[in-house]
Every structure is written in C-alpha cells, then in structure tokens.
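The values are calculated or read from the model by the stated rules, or taken from the named source; none is laboratory data. Predicted model only: the values in this text are computed from it and were never measured. Note: ideal-geometry Cβ built from the backbone for every residue, glycine included; neighbour counts use all protein chains shown. Just so you know, the surface numbers come from the protein's heavy atoms only, side chains and all, with ligands and any DNA or RNA stripped out. Shrake-Rupley method; radii C 1.70, N 1.55, O 1.52, S 1.80 Å.
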Amino acid sequence: STFTYTTLMSVCAKEGDKSGMMAHFRAMERDGLAPPTEAWNVVLNFCARQRTAAQALDVLARMRSGGIARDATSYSTVIHALVRADRVDSAKELLEEGLDEGVRPDAALFNAMLGGLAKNMRPYDAVELLSRMEGLGIAPDSLSYSLVMRGCVRARAPELAVETLAQMRNASLPVDAQAYNLVLSAQAGAGRLDDARTLLL
C-alpha cells in the first residue's frame, strides 16, 4: 500500500539513505500506485535536512506540474530549507504562493516563516505575519511569539519585545522563563537595564 511504501521511505530518509528512499518511491509507481502527498513530503524533508533548497524547490515544482496536492507541510518544509539557505525573501514569496493556491495553513507553516524573519532581524515583518495568522483564523502558539521575540533580540527592538510578551499573555498562553529571557535580552542589548530590572520585579 502507499502507506507501507511511505513508511519505508521515511525509515530510509531518517538513516540518510537517499537511494533506498527513492527506490521505494519508484517501486510504488511500478506497482501502479500513485505516490501520495505524504510520500512527496518525505522527499521534500530529506532535501531540506540535506540543506539543498534548490532540490526542494524542484521537487515542489514537480508536484505542481504533476497535479500532486501540496499541503502546509510541503510548503513549511521548503520554507525551512530556504531560510537555512538565507533566502528569506524567497521563502516569503513561497508562503504567499501557497496561500494563493488555497493551501490550508497552520501554525507550523507560519512558524517556519517567522523563524526566517527572526534570523534576518526583521521583527516588524514578523509582527505583521502574526496579525496575518490571526486574520486567517490561525491562533499563534507559544513558539510563534517566541520567534518574534527572538527577532527583537537580534534587531535590538526592546519595545516590540515587551509588546509581543503582552500579546502572548493576552492570548492566555503560558509565559515561561525562556520568553522572559528573550525580552530581558532585548532590553539589555539595547542598554535598557532599568527596564530589564523593572520586568523582573
């Protein structure tokens, strides 16, 4: 069954066995079974983990041309690969492409993009993306807010970090020590030690 072949592909992929993974993929086709989206996603994930963003994009293009459904996992996997390759603008374009194509987004998809924006010191873009999530009816999770605050640390934007922490509280999400550490780091990095002390009190 496609489930069995996809499982075997996943095992090979986790062991770094590309030839084994693709052998099961081709065997599926030889048996007259159409590889499902999940099988294609295994290949995408392998490419992403091998830091081959170009190959991941090529696989996604093959899915599109072959009429294979792409889901949120497909897009988030390739976005991760692009972010690792420091191609955050390409990742943003890909996110928009997925949304335009009607892919049902989830928090993981947006978090992949938020991670890229944080890495590239673009916290204000990250805040806009949080609003976009909410507008689509997707509740940001703790990781979503943490990624925005991580971007604030990198960009030395302490006010925005404090605002994001407040939004996290308003969303009734648990605020752990890591969240406070991020805000404190943003304030300390900007030389606002008094504000950092106030937050601790």
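A few points about this structure:
- Between the range 60-130 and the range 132-172, the Cα center-to-center distance that results, in Å: 18
- Each Cα pair under 8 Å and six or more residues apart adds its separation to the average, and for the range 1-126 the resulting relative contact order is 19 percent.
- Among 83-96, 41-54, 167-180, sorting by the average number of other beta carbon atoms lying within 10 angstrom of each residue, highest first, gives 41-54, 83-96, 167-180.
- Sorted largest first, the spans of the alpha carbon positions of the range 1-118 along the three principal axes are 42, 29, 22 Å.
- Per residue, the chain exposes an accessible area of 51 Å² to a 1.4 Å probe, with every protein chain left in place.
- For the residues G115, G66, G98, a GNM of the chain with alpha-carbon springs under 10 Å puts the largest fluctuation on G66.
- Ligands, DNA and RNA left out, the accessible area of the chain computed with a 1.4 Å probe is 51% carbon and sulfur.
- Peptide packing: for 26-32, 103-109, the average count of neighbouring Cβ atoms within 10 Å per residue gives the ranking 103-109, 26-32, highest mean first.
- Largest GNM mean-square fluctuation across A118, A186, A69, computed for the chain with C-alpha springs under 10 Å, falls on A69.
- For the range 91-148, the residue among L109, V148, L130 whose Cα projects farthest onto the positive side of the dipole built from Cβ charges is V148.
- Size of electric dipole in the chain: Cβ of Lys, Arg +1 and of Asp, Glu -1, about Cα centre, debye, nearest 20: 540
- Among the helices of the chain, those built from whole DSSP H runs whose Cα atoms reach 15 Å or more along their own axis and whose mean Kyte-Doolittle hydropathy is at least -0.5 are 2-14, 37-49, 53-65, 72-84, 88-100, 107-119, 123-135, 142-155, 158-170, 177-189.
- Convex hull volume of the C-alpha atoms in the chain, normalised per residue: 127 Å³.
- Theoretical ellipticity at 222 nm over the chain - DSSP helices of four or more residues, -39500 (n - 2.57) apiece, nearest 500: -24000 deg cm²/dmol
- Fraction of the pair-distance distribution of the range 82-146 above 14 Å, Cα-Cα pairs, percent: 53
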